[in-house]
Amino acid sequence: MRPYIIISSTMTVDGKIAARDSFSELSCKYDKTRQHMLRAQVDAVVIGARTARVDNPSLVLKYYKGKNPIRVIITNSGDLDPGLKIFNVPPPTVVYTKNLNDSLKSLTDKGVYVRTFSTVCDAMSDLYQTFSVRTVMVEGGGKLNWSLLKEECVDELRVTISPRIFGSGTSIFDGEGFPGYLSPVLKLQSSYICQCGEEIVIIYKRKIK
């Protein structure tokens, strides 16, 4: 068993979530509120290690009142700075790593749960079994999004399209790509223009085979 997994992201018209210089401030105030409303509704919010290092988010509710979800970082290397915000403010944080190293001990001393994983979807299943997580919001980055999609571990995709074009940078799904005929086909649930009048919000769900 695994949780219901929602990828939530804001991207440019050309599908980028960050520019080549790592700039990623794409959301209007309404989009930020939508993101934090979703955070308040799920049991866990998940990011990749690069997002943790570059953006240094705390992943706590700011634009909406509610209960903060468990925070989760997925990392292959286990190379994480204990000084990151996510490790220094509540609620609990879980780190899934493929490499148990000495630097992770400082995290366990802070009360961080450190666990190993083989595939990203296996990590999601462990969240379900060990931490009773039933719903997950994934806030990227691109490599994490790609891994989940490749492993057929995505149930819903919520995308806000920002009126920017980066030309290069990090794609919302950053991986080797599918052959065209094997690419996933999603089912459109809804689409609407954001209250700001400049962004489009699209919600897709996984098609049941």
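Have a look at Asn68, Asn76, Asn99 and point out the one that is at negative phi and touching a Gly at 6+ places or on another chain (Cβ under 6 Å).
Asn99
Here are some conditions: (1) under 13 Å from Gly15 (Cα atoms); (2) exposed (fewer than 12 other Cβ atoms within 10 Å of the Cβ); (3) in contact with a strand residue (DSSP E or B) (Cβ under 6 Å, 6 or more places away or on another chain); (4) not hydrophobic (A, V, I, L, M, F, W, C). Lys187 meets all but one. Which one does it not meet?
(1)
Cβ-Cβ distance below 6 Å, separation of 6 or more or different chains: which pairs start in the stretch 121-136 with a residue that is within 17 Å of Glu152 (Cα to Cα) and end on one that is modelled with pLDDT under 95?
Every condition considered, the pairs that remain are Tyr128/Met1.
So which residues in the stretch 1-35 are assigned to a helix (DSSP H, G or I) and under 13 Å from the mean Cα position of the chain (by Cα), if there are any at all?
Correct list: Gln35 only.
Hey, can you tell me all the residues within the stretch 157-184 that are part of a loop (DSSP other than H, G, I, E, B), under 17 Å from Ser9 (Cα atoms) and not polar (S, T, N, Q)?
Once the filter is applied, which keeps residues that are part of a loop (DSSP other than H, G, I, E, B), under 17 Å from Ser9 (Cα atoms) and not polar (S, T, N, Q), the stretch 157-184 yields Pro163, Arg164, Ile165, Phe166, Gly169, Ile172, Phe173, Asp174, Gly175.
Could you tell me whether the stretch 164-173 includes any residue that is over 15 Å from Lys16 (Cα atoms) and surrounded by fewer than 19 Cβ atoms within 10 Å (Cβ to Cβ)?
no
List the pairs whose first member sits in the stretch 1-25 and is more than 27 Å from Cys121 (Cβ to Cβ), whose second member is among the hydrophobic types (A, V, I, L, M, F, W, C) and assigned to a loop (DSSP other than H, G, I, E, B), and whose Cβ atoms are under 8 Å apart, counting only residues at least 6 apart or on separate chains?
Short answer, once both residue conditions are applied: Thr12/Leu26; Thr12/Ile165; Thr12/Phe166; Val13/Ile165; Asp14/Ile165; Asp14/Phe166; Ala19/Phe166; Arg20/Phe166.
Which ones in the stretch 140-192 are among the β-branched types (Val, Ile, Thr) and free of Cβ contacts under 8 Å to residues at least 40 places away in the same chain? Break it down stepwise before answering.
So in the stretch 140-192, the residues among the β-branched types (Val, Ile, Thr) come out as 154, 159-161, 165, 170, 172, 185.
Val185 - this is the single residue of the stretch 140-192 that is among the β-branched types (Val, Ile, Thr) and free of Cβ contacts under 8 Å to residues at least 40 places away in the same chain.
If you scan the stretch 1-58, which residues turn out to be touching a Gly at 6+ places or on another chain (Cβ under 6 Å), among the aliphatic types (A, V, I, L, M) and surrounded by fewer than 21 Cβ atoms within 10 Å (Cβ to Cβ)?
Passing the criteria: Ala19, Ala40.
Taking the condition closer than 16 Å to Ile73 by Cβ and either at pLDDT 95 or above or surrounded by fewer than 17 Cβ atoms within 10 Å (Cβ to Cβ) (or both), does Gly111 pass? Give the derivation first.
On the way: closer than 16 Å to Ile73 by Cβ: yes; either at pLDDT 95 or above or surrounded by fewer than 17 Cβ atoms within 10 Å (Cβ to Cβ) (or both): yes.
In short, yes.
The values are calculated or read from the model by the stated rules, or taken from the named source; none is laboratory data. Since this is a predicted model, take the numbers as computed values, not measurements. Cβ atoms come from the backbone with ideal geometry, glycine included; neighbour counts cover every protein chain shown.
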